[in-house]
Amino acid sequence: MLKKVNLLAAANQASLFQYLKIGQLNKHVLHVLQAENRTLDFHIHEHSDELFYVLEGRFDIELDDGFVPLETGDMVIVPKGIRHRPVVKSRVKCLLIELDDTLNADNTGGGSVD
């Protein structure tokens, strides 16, 4: 049986800084989360690209050469090996897609990964 997921409704159920797993696509995991007032440390994913899709709100992805501003409906793929960090000032709800086991306490700012 197929499972339909409303991304925004799922993100609304997540606690702040909780990476809530909503699905798996081959070896990739899909998480939704809510975040605000948080800047993560710069980090690199050696083995996985990372997709950010903004469901609601806005935030920036900071790279070594500047910022990529993202707003509701925007998406960006950060290629593996690229140093980056999310910079979140106000409440944002996002979908993230990356290889399973990519997220950990060092690159989630201590957020829980469910």
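List of remarks:
- With a simple spin-label model that places each label point 7 Å from the Cα along the Cα-to-Cβ direction, the separation between residue 100 and residue 65 comes to 3.5 nm.
- Considering only 49, 65, 101, the Gaussian network model of the chain with Cα springs below 10 Å gives its largest mean-square fluctuation to 65.
- Directionally averaged projected area (convex hull, Cα atoms, the chain), nm²: 6.7
- Only Cα pairs under 8 Å and 6+ residues apart enter the sum, and on that basis the relative contact order of the chain stands at 33 percent.
- When the helices of the chain are scored as -39500 (n - 2.57) per DSSP H run of n ≥ 4 and the total is divided over every residue, the value at 222 nm lands at -1500 deg cm²/dmol.
- Shown is the FRET efficiency for residue 28 and residue 91, computed with R0 = 41 Å from the Cβ-Cβ distance and rounded to the nearest 0.05: 0.95.
- Environment charge at residue 62 (Cβ cut-off 13 Å; Lys +1, Arg +1, Asp -1, Glu -1): 0
No lab work stands behind these numbers, since they all come straight from the coordinates. Everything numeric here is computed off the predicted structure, so don't read it as measured data. Please note: Cβ atoms are built from the backbone with ideal geometry, for glycine as well, and neighbour counts cover all protein chains shown.
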